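The values are calculated or read from the model by the stated rules, or taken from the named source; none is laboratory data. Everything quoted here is computed from the prediction, not taken from an experiment. FYI the Cβ positions are ideal-geometry reconstructions off the backbone, even for glycines, and counts take in every protein chain you see. These area figures cover heavy atoms from the full protein model, side chains too; ligands, DNA and RNA do not enter into them. Shrake-Rupley method; radii C 1.70, N 1.55, O 1.52, S 1.80 Å.
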Amino acid sequence: MKKVAIIMGSDSDLPVVKKGTDLLKTLEIPFEVHVYSAHRTPDQVRDFAASAKANGFGVIIAAAGMAAHLAGVIAAGTTLPVIGIPCKSSVLEGMDALLSTVMMPPGIPVATVAIDGGANAALLAAEIIALGDEALAAKLEAKRKTDAAKVLDKDAAIMERL
Ligand code: RP5
């Protein structure tokens, strides 16, 4: 199975990333996490992106806050799909990172999830990997059913609380 890479601009982004790594573990998808910054360690970001495909990755998640160019810079260096997570790490509450991540000019796409959307980034990465893995696709189908059943349990219980 192809691996998922998660690159974060700072270790302060870890609480957001952790929501995704928990899901990847549950789904038994191999992953690596690195702290590389587009502005503080540009050489490492460039080298990682350039070698990611050869190193067995199938999708890259990039989490960053503030003027968040990490996802875009990684996407510029590879044709692997890149998922951007805008992190809420400034006085602008993540709107800065959201716009920096989502508003990519034509030619270099970044699939952007919600501000602090670590869980959805991991699920989207899993869906991409599952395109070539029937067993993983079945796990994702099963998870959808389990999640739906939890909502229906809440529906059945809601009147008890009112
Ligand atoms: C971004 O700046 C990082 O992704 C982080 O969200 C934010 C703040 O970084 P630290 O100052 O906490 O290292 O590059």
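Could you say which residue among VAL45, VAL59 is surrounded by 22 or more Cβ atoms within 10 Å (Cβ to Cβ) and assigned to a strand (DSSP E or B)?
VAL59
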Among (1) surrounded by fewer than 19 Cβ atoms within 10 Å (Cβ to Cβ); (2) in a loop (DSSP other than H, G, I, E, B); (3) at pLDDT 95 or above; (4) of a type in the set (Gly, Ala, Ser), the one test that ALA68 misses: (1)
Residue pairs meeting the criteria (Cβ under 8 Å; at least 6 apart or on separate chains; first over 18 Å from GLY9 (Cα atoms), in region 98-111; second of a type in the set (A, V, I, L, M, F, W, C) and open to solvent by 60 Å² or more (accessible area, probe 1.4 Å)): ILE108/ALA76
Scope region 1-33; condition within 15 Å of the ligand (Cβ to nearest atom) and either aliphatic (A, V, I, L, M) or open to solvent by less than 50 Å² (accessible area, probe 1.4 Å) (or both); matching residues: ILE6, ILE7, MET8, GLY9, SER10, ASP13, LEU14, VAL16, VAL17, GLY20, VAL33
Close pairs from region 118-145: first open to solvent by 80 Å² or more (accessible area, probe 1.4 Å), partner part of a loop (DSSP other than H, G, I, E, B) and among the hydrophobic types (A, V, I, L, M, F, W, C), Cβ under 8 Å, at least 6 apart: ASN120/VAL113; ASN120/ALA114
Close pairs (8 angstrom Cβ cut-off, 6 or more residues apart or separate chains): assigned to a strand (DSSP E or B) in region 1-16, surrounded by fewer than 17 Cβ atoms within 10 Å (Cβ to Cβ) and of a type in the set (Asp, Glu) anywhere: LYS3/GLU32; VAL4/GLU32; ALA5/GLU32; ILE6/GLU32
Counted residues, region 56-83 - those being on the phi < 0 side of the Ramachandran plot and within 11 Å of the ligand (Cβ to nearest atom): 9
Evaluation of HIS39 against (1) within 16 Å of the ligand (Cβ to nearest atom); (2) open to solvent by less than 20 Å² (accessible area, probe 1.4 Å) (one fails), failing number: (2)
Any chance LYS53 is assigned to a helix (DSSP H, G or I), open to solvent by 20 Å² or more (accessible area, probe 1.4 Å) and either basic (Lys, Arg) or within 13 Å of the ligand (Cβ to nearest atom) (or both): no
